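The structure appears right after this line, and notes come after that.
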Amino acid sequence: MAGPVHISGASVVSISGNGQQYNDDVTLHFRDTSNTFVFHQPWIIVDTAPNMATISGGTPIHLTGMLFDQFKNHNGSTKDVDYMCRFVDDTGNVIGNATNMTQVSDIEYICVSPKSRY
């Protein structure tokens, strides 16, 4: 068995009913989305501003970081992906619902803070 994958990219997924014969990839020169699993590296957030918000919610939180642009189409163009954010309290409970992030630049996105439960 192969070790874990440590880099982002595509990997063809093959299945077997007996652990010996695996189905072949049906494509030769491009990724077939029906049998390709894509690995992504975790984003690296280097700054959040502001780092506090009002309990009423609605505060735009700017996230600055790296690897936001790693989602690509098979031809190398940037894939249109709906980035989502959610807020979690110090006990691990999700506050509010996940919401769409707004892109400011290749390295900056905005999440809007939810209303506090407390």
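For this structure, a couple of remarks:
- For Ala98, the criteria (1) surrounded by 11 or more Cβ atoms within 10 Å (Cβ to Cβ); (2) at positive phi hold in every case but one, which is (2).
- Residue check for Ser34: at pLDDT below 75 and either outside any loop (DSSP other than H, G, I, E, B) or on the phi > 0 side of the Ramachandran plot (or both): yes
- When restricted to residues that are in contact (Cβ under 8 Å) with a residue 40 or more places away in the chain and outside any strand (DSSP E or B), segment 68-118 contains 9.
- Extreme residue, modelled with the lowest pLDDT, among residues of segment 37-47 that are surrounded by fewer than 13 Cβ atoms within 10 Å (Cβ to Cβ) and part of a strand (DSSP E or B): Phe37
The values are calculated or read from the model by the stated rules, or taken from the named source; none is laboratory data. Please read these numbers as outputs of a predicted model, since none were measured by experiment. Cβ sites come from the backbone with ideal geometry, for glycine too, and all protein chains shown count toward neighbours.
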